[in-house]
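Throughout, read-outs are computed from the coordinates displayed, never taken from laboratory work. What you are looking at is a predicted structure, and each value in this text was computed from that prediction instead of being measured. When we count neighbours, we look across all protein chains shown, and the Cβ atoms used for this are built from the backbone with ideal geometry, even at glycine.
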Amino acid sequence: MRLLGGLALKPRILIYDKDQAITRQLFWTLCDNYDVVTANDLQTAVRRAAAYEPAVAVLDLNRPASPDSEDTGLRILLYVKDHFPKSRILGMTAEIFPETRQKYLKLGVDELLEKPFDTEQLLDFMRRLAPLRSLDAIESGSFTLCY
């Protein structure tokens, strides 16, 4: 939780999945404790990442349907890691094989969640990736935040 002028602000979370039902489910699961924005396409995800600078990006990393189609989740992952290196990444995929895990970890994924997933497992990952923040110090009128 971010503190600003004595106000507590929730950590920002970006959720990307092609399936609107999944983004809605994740939104309602997380919105009490986090400031959640969702996206179902590349352009929206990039715009919202740029505007909100998420503490955590929850991304669908499933393989594209065909070899010539884009892997949108992977492209969002690379954008977030390039522009917001402190952001944490929770990847969601239906197939977590050892080689898949290694590939995504090398690309900057912090945790992988296998679909379908248990809500408590999701919340556990989120508590680790976006813990509540506390006011660390006040320096020249600005707050220094720590995790």
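Would you please give the residues with an amide H less than 5 Å from that of Arg88, counting only those at least 5 places away or on a separate chain, with H modeled from the backbone geometry?
Val56, Ala57
Quick one: net charge around Asn33, please, counting Lys, Arg +1 and Asp, Glu -1 for every other residue with C-beta under 10 Å from its C-beta.
Working: positive: Lys10, Arg127; negative: Asp32, Asp35.
Taking every other residue near Asn33 into account, the sum is 0.
In Å³ and rounded to a whole number, note down the convex hull volume per residue for the Cα atoms of the range 11-130.
Details: hull volume 11.8 nm³, N = 120.
Given the Cα convex hull of the range 11-130, per-residue volume reads 98 Å³.
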